[in-house]
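Here, each number is a calculation from the coordinates, and none is a lab measurement. Being a predicted model, the structure only gives us computed values, none of them experimental. Glycine gets a Cβ as well: all are built from the backbone with ideal geometry, and neighbour counts include every protein chain shown.
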Amino acid sequence: MEAFLNYLLYQKRDSGHTITAYRNDLLQFKDYLHNEEQVEELNEATYKQARNFIAFLMEQKQSAKSVNRKLSALKSYYKYQLRNGSITVNPVQKLKGPKIPKRLPEFVDEKAMGNLLDPEWFSNDFEGLRDRLLLDVLYQTGMRRIEVIQLKETDLDMHGLQFRVLGKRSKERIIPFHLTLKRNLEQYLQVKREQRLDNGSLFVTIKNEPLTEQAMYLLVKKYLDRVTTLKKKSPHILRHTFATHLLNDGSNINAVKELLGHANLNATQIYTHNTIDKLKKHYKQAHPRSGE
């Protein structure tokens, strides 16, 4: 298992989150094999035992998304073992997970986003400037939470108005930003220097430590609570909002794909569904027979 995880880390360059999730999924399957099937090694598992594991997860009321992620971990693991000659039969090759119900991504409407970034919400001290800048960066760039956390001051190109971002599997991409964000960045960095916070990470705490993912999540939730009734209030909602607003305003879907750092267009197309309401509005306003 460790050899497989090292392969993901050093050759496929998967993120630390992926490695941790796969490790936990494999250990859970190993515990299941030991406790329920009296099998001690992952490489001794059969198709029937793997299928029983999936059924076991469903009986525990785990979501289809969670079960499919665990199955994906198993498929990746056994594919690696088969390729290395450690097994002769892949026990999960033909195993299918439960269907995941299609859910459209939620997003914050433009009016609420305007309210969210209103300076009146934020204190005038370092933390207030940081919080507003954090929300602005998430909304103006559509970055993933981990990508924002990993941002360094050296990733900023103030002259070119762009960020250099390290995405999934260590793929770099360039994301432009607006002059308004430049001004907010300059103000924040000035106060950061005045506070003698010399940590190279862009977003830091008042104790000069890099902002954690958990702290970011709590900050975003606190401010979103003030402007929206959405059930989910996370940094990823602002990523959805970024993509949806771009497409609603006529951006090319391939350009949005590159900005988001998606590997294929299918991942980006889910945001096009959110434009249907706007299309209906335009239809009613413009089509000669729409009012009949």
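Numbers for the structure displayed
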| item | result |
| --- | --- |
| Charge dipole (debye, nearest 20) of the stretch 2-83; +1 at Cβ of Lys and Arg, -1 at Cβ of Asp and Glu | 540 |
| The stretch 205-240 residues near the modelled Asp118 label - backbone nitrogen below 19 Å, point 7 Å along Cα→Cβ | 220-230 |
| Neighbourhood net charge (15 Å Cβ-Cβ; Lys/Arg +1, Asp/Glu -1) for Gly114 | -3 |
| Rounded tilt (10° steps) of 179-194 against the dominant C-alpha axis of the chain | 80 |
| Of the GluC sites (Glu not before Pro) in the stretch 1-44, those whose Cβ has at most 13 other Cβ within 10 Å and which sit in DSSP loop | Glu40, Glu41 |
| Most to least packed among 227-240, 105-118 [average Cβ atoms within 10 Å] | 227-240, 105-118 |
| Virtual spin-label span in nm between Lys232 and Lys152, 7 Å along Cα→Cβ | 3.2 |
| Check: the stretch 212-253 dipole with +1 on Lys, Arg Cβ and -1 on Asp, Glu Cβ, in debye | 220 |
| Cα long-axis angle, helix 126-141 against the chain (0 to 90 degrees, to the nearest 10) | 70 |
| Residue-averaged 222 nm ellipticity for the chain, from DSSP H runs of 4+ at -39500 (n - 2.57), nearest 500 | -16000 deg cm²/dmol |
| Given (1) 188; (2) 144; (3) 125, the label whose value is volume of the Cα convex hull per residue in Å³ derived from this model | (1) |
| Length gained when the stretch Lys94-Lys79 is fully extended (0.36 nm per residue, less Cα-Cα span) | 4.2 nm |
| Rounded FRET efficiency, nearest 0.05, which uses the C-beta distance separating Asn264 from Lys30 and R0 of 41 Å | 0.80 |
| Of Tyr217, Gly167, Leu181, farthest towards positive along the dipole that unit charges on Lys, Arg, Asp, Glu beta carbons give the stretch 112-232 | Gly167 |
| Nearest 10 degrees, 0 to 90: helix 47-59 Cα axis against the chain principal axis | 50 |
| Net charge dipole size for the chain [Lys, Arg +1 and Asp, Glu -1 on Cβ; Debye, nearest 20] | 1060 |
| Separation of alpha-carbon centers, the stretch 124-190 and the stretch 39-112, rounded to whole Å | 35 |
